[in-house]
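The values are calculated or read from the model by the stated rules, or taken from the named source; none is laboratory data. No experiment lies behind these values; they were computed from the predicted model shown. Every residue, glycine among them, receives a Cβ derived from its backbone with ideal geometry; neighbour counts consider all protein chains shown. Side chains are part of the model used for accessible areas, which takes the heavy atoms of the whole protein and leaves out ligands, DNA and RNA. Shrake-Rupley method; radii C 1.70, N 1.55, O 1.52, S 1.80 Å.
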Amino acid sequence: MATRPKKQRNLGRLSEIAQVAVRHGFGYVVEGRRGGGTAVDETTGAVTGTARGRHLREMLDELGPTFVKFGQLLSTRPDVVPPDIIAELRGLQDDVRPFPFAEVERTIREELGQPLERLFVDFEEKAVAAASIGQVHRATLPNGRQVVVKVQRPNAPRQIEADLALLYQAARLAKERIRALDFIDTSELVDEFSRSIRQELDYRLEARNADTFHRNFAGHPHVAIPKVYWTYTRSRVLTLEWLDGTQLADLDLEEWTVDQRRRLAYLTTEAWMTMIFRHGFFHGDPHPANILVLSPERIGLVDFGLTGKLTDEDMSKLTRLFIDAAAENIEALPKRLADLGVRYPKEREEEFVSAIRELYYRYYGASLREIDPIQIMREAFQLIYSMNLHLPTRFLLLDRAIATVGSVGIDLYPDFNVFEVAQPYARGLLLDRFTPERVARRARRDASRYAHILREAPFQWHDFMEQVRDGQIEVGFVHKGLEDVIETLQRVFNRLVIALVVTGGLIGSSLIGIFAKAGPHFLGINVISVVGFALSTVLGLWLLWGVVRSGRL
């Protein structure tokens, strides 16, 4: 009986989702018809190809915070979502109503073990910002430091788990009823989203990310990262240093000169290039709301829930990709991309090479000012989508971060080009990859791996032989054309045997004719010798006829 209210709530929520889907032109999913992925016309109530992204964005926005965050995830997956939909989903904003202040006080007391008034000298009741999982308040510590306190929404984990269950049902229905999604594992998409959003429920993970960025940018003249106050941080409460600045999204650009806007665009991009090419650990959401302008020469970064990490091996593989691209070695690019984890159908490799070559030479030789990096990103995403390529999440996040930074830069300064900033970092990366220290480090690492392989080889061979002995390994041979070879060999051996018989008959008959004195004779020759010569002659003629007839004399 206790589960009935929960089931009723789920049924009510499913009914609400169905009504919203029908209202936005996705009724064919609810009705069970297999659609092609495009909906209908505005006048008829169905979504057209050009309007489907907007309708999907509006539908997710209406369904609430969890679905909004799921849409944000989809906006980072050009391998499964068409470019027109990605462009719309990037407009989703994680902005909801704040929850009551009484709940803020209760959560802080439960997490930090003391009432709010004993922890902070001042705590503003009005939230600075509110999102799907938590909201942010400004406060003052007993030592006078200004901080922001991020507090998780009440019952956020339970609500998210309920919405995830509904998302899994929606993924199953979409897979069954939308023909255009046949190549997508929709359940895997929800799995990826569930892992991401469950991590966001523990603010200590975000605090560790912020701590890493704070160390990486310590002493940097142009980038500020807030300090984490661990004494005031728990799984549902995060306390960070207050950065006094204006969100880039709220900046009044008319008050800034062109040179100032250009400088700000380049400062922002250089911050991300430093994270990507120097640190290998980057902020995954360079949205204007997450960038604070502290002064014309200094920016601050906030919201560290979404991050990407590139290993030293990833950077080495990227370097090889850069080298082949610079050398116009287009045929090697699919292999380099495969090394990075890009998956594509093997039978379409030639088509893939042709598509890359066409995209490459479209921009090769052009000056940086002639290149629109956002357009290149769109074309690359279109190629990814059209060929159903599968990319590792960390590189999708990297693509999204670079594209977003480029978009932010162009909004600030129309002539901005993200590649102009990235180029010196990439060049430095190439040089850095082959310093004696790096080469020695890789050699030590490779030597260690080879030593491990050699050390394990005897044990692996022993295990293999035991499996062979126990009959756990079966070896099968498949041959092609072996019957023809066997038939030819049989024919050769038969002729050889006949030739030996003929030779033996001739030699034996000759010996009998010479040494045999007794017995019947014909024309002075022993009869047995005559019969032997006759049989040998017949067999010899038969063998000669067979060889002549085969054409292989």
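In a reduced charge model with +1 at each Lys and Arg Cβ and -1 at each Asp and Glu Cβ, the range 93-216 shows a dipole moment near 120 debye about its Cα centre. Could you give log10 I(q)/I(0) at q = 0.13, 0.14, 0.15, 0.18 Å⁻¹ for the range 249-358, computed by the Debye formula over C-alpha point scatterers of equal weight, without solvent? Each listed q corresponds, in turn, to -0.70, -0.77, -0.82, -0.94. Karplus-based coupling profile of the range 284-291, in residue order and whole Hz: x, 9, x, 6, x, 6, 9, 10, with θ = phi - 60° in 6.51 cos²θ - 1.76 cosθ + 1.60 and x standing for Gly or Pro.
Here r is the Cβ-Cβ distance between Gln247 and Asp324 and R0 is 35 Å; the resulting FRET efficiency, rounded to 0.05, is 0.30. For Leu306, the residues whose amide H sits under 5 Å from its own are Gly284, ignoring neighbours fewer than 5 places away on the same chain, with H placed 1.01 Å from N. Between Ala534 and Leu454, the modelled label-to-label distance comes to 7.8 nm, taking each label 7 Å out from Cα in the direction of the beta carbon. Between Arg172 and Phe464, full extension at 0.36 nm per residue minus the direct alpha carbon distance yields a gain of 100.9 nm. Taking amide H atoms as placed 1.01 Å from N in the peptide plane, list the residues 5 or more away in sequence, or in a different chain, whose amide H sits under 5 Å from that of Phe281. Counting only residues 5 or more places away or on other chains, the set is Leu310. Here the 3J(HN,Hα) profile of the range 57-74, calculated from phi with Karplus coefficients 6.51, -1.76 and 1.60 at θ = phi - 60°, is 4, 5, 5, 5, 4, 6, 6, x, x, 4, 6, 4, 5, 5, x, 5, 5, 4 Hz, Gly and Pro shown as x. Measuring only protein heavy atoms, the 1.4 Å probe finds Val68 accessible over about 10 Å². Here the range 163-304 has an Rg and Dmax of 19.3, 55 Å, counting Cα atoms alone.
Under the 0.36 nm per residue contour assumption, what length would be gained going from the current alpha-carbon distance of Glu62 and Lys227 to full extension?
Working: separation 165, 0.36 × 165 = 59.40 nm, distance 3.56 nm.
This chain segment gains 55.8 nm when fully extended.
Rolling a 1.4 Å probe over the protein chains gives Met315 an accessible area of about 10 Å². Per-residue surface analysis assigns Glu358 an accessible area of about 120 Å², computed on protein heavy atoms at 1.4 Å probe radius. Relative protection proxy for 280-292, 213-225, from highest mean packing down: 280-292, 213-225 (other beta-carbon atoms within 10 angstrom). When the residues Lys309, Lys317 are ordered by accessible surface, computed with a 1.4 Å probe over the protein chains alone, the sequence from largest down reads Lys309, Lys317. Residues whose amide H lies under 5 Å from that of Gly134, counting only those 5 or more places away or on a different chain, are Arg153; hydrogens are built 1.01 Å from N in the peptide plane.
With a simple spin-label model that places each label point 7 Å from the Cα along the Cα-to-Cβ direction, the separation between Glu110 and Leu201 comes to 1.3 nm.
Couplings 3J(HN,Hα) for the range 356-362, derived from phi with the Karplus relation 6.51 cos²θ - 1.76 cosθ + 1.60 (θ = phi - 60°), are 5, 4, 5, 5, 5, 6, 5 Hz, where x marks Gly and Pro. What distance in nm separates the two pseudo spin-label positions at Thr140 and Tyr360, each 7 Å out from Cα along the beta-carbon direction? My value for the distance between the label points is 6.2 nm.
Would you mind checking Lys126/Lys309; Lys69/Lys346; Lys175/Lys309; Lys126/Lys150; Lys69/Lys175 for any pair whose Cα atoms are more than 24 angstrom apart? The partial results should precede the final answer.
Values: Lys126/Lys309 35 Å; Lys69/Lys346 34 Å; Lys175/Lys309 31 Å; Lys126/Lys150 12 Å; Lys69/Lys175 20 Å.
In this structure, Lys126/Lys309; Lys69/Lys346; Lys175/Lys309 exceed 24 Å between Cα atoms.
Estimated at 0.36 nm per residue, the fully extended path between Ile486 and Glu103 surpasses their Cα-Cα distance by 129.2 nm.
Each listed q (0.26 Å⁻¹) maps to a log10 I(q)/I(0) for the range 110-173 from the Debye sum over equal C-alpha point scatterers, namely -1.12.
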